[in-house]
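The values are calculated or read from the model by the stated rules, or taken from the named source; none is laboratory data. Keep in mind the model is a prediction, meaning the values are calculated, not measured. Heads up, the Cβs are rebuilt from the backbone with ideal geometry, glycines too, and the neighbour counts pull from every protein chain shown.
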Amino acid sequence: MVKQKVEYVIMEVSSQSLKLDRVYGLNFDIGVFTNFSEDHISPKEHPDMEDYFKSKLKLFDSCKVGFTNVDDLGGNKILKAAKCDMKTYGIDNSANLIAKDITITNTYADFKVKLGERNERVKVGIPRKI
């Protein structure tokens, strides 16, 4: 990536990689919390939800701005515990960014995003399997 002069990277950072400090020392411009689920509770990943939460929270110790999903029960917990500047997003609850008029098809997702007084339309293509 350095050789190709890549300026920006969007990457998924798993709770497991945060727990094992695989991204230790990296600084993120933006961190995003989507949700908690018990799918990651196991002897190989996280022994309990508290360990899972603490692992996810590490992302918000190393980012400038964080976004948390206030439609997820864990979203407000992240909002209260995070060390970075936090913003909220959601569909059902009051948030800084609110998605409305959502259409999802086999080829795209289309929705409006309300940011303060502004409304922006977003359309994102969904790649097909080859």
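When you look at Ile98, is it in a strand (DSSP E or B), modelled with pLDDT under 95 and either β-branched (Val, Ile, Thr) or loosely packed, with under 15 Cβ neighbours inside 10 Å (or both), yes or no?
Details: in a strand (DSSP E or B): yes; modelled with pLDDT under 95: yes; either β-branched (Val, Ile, Thr) or loosely packed, with under 15 Cβ neighbours inside 10 Å (or both): yes.
Yes.
Which one is surrounded by the fewest Cβ atoms within 10 Å (Cβ to Cβ) among residues in region 1-31 that are touching a Ser or Thr at 6+ places or on another chain (Cβ under 8 Å) and among the hydrophobic types (A, V, I, L, M, F, W, C)? Filtering region 1-31 for residues that are touching a Ser or Thr at 6+ places or on another chain (Cβ under 8 Å) and among the hydrophobic types (A, V, I, L, M, F, W, C), the one surrounded by the fewest Cβ atoms within 10 Å (Cβ to Cβ) comes out as Leu26. For region 27-51, the set of residues classified as under 25 Å from Asn96 (Cβ atoms), in contact (Cβ under 8 Å) with a residue 12 or more places away in the chain and either in a helix (DSSP H, G or I) or not charged (D, E, K, R) (or both) consists of Asn27, Phe28, Ile30, Gly31, Val32, Phe33, Thr34, Asn35, Phe36, listed by residue number.
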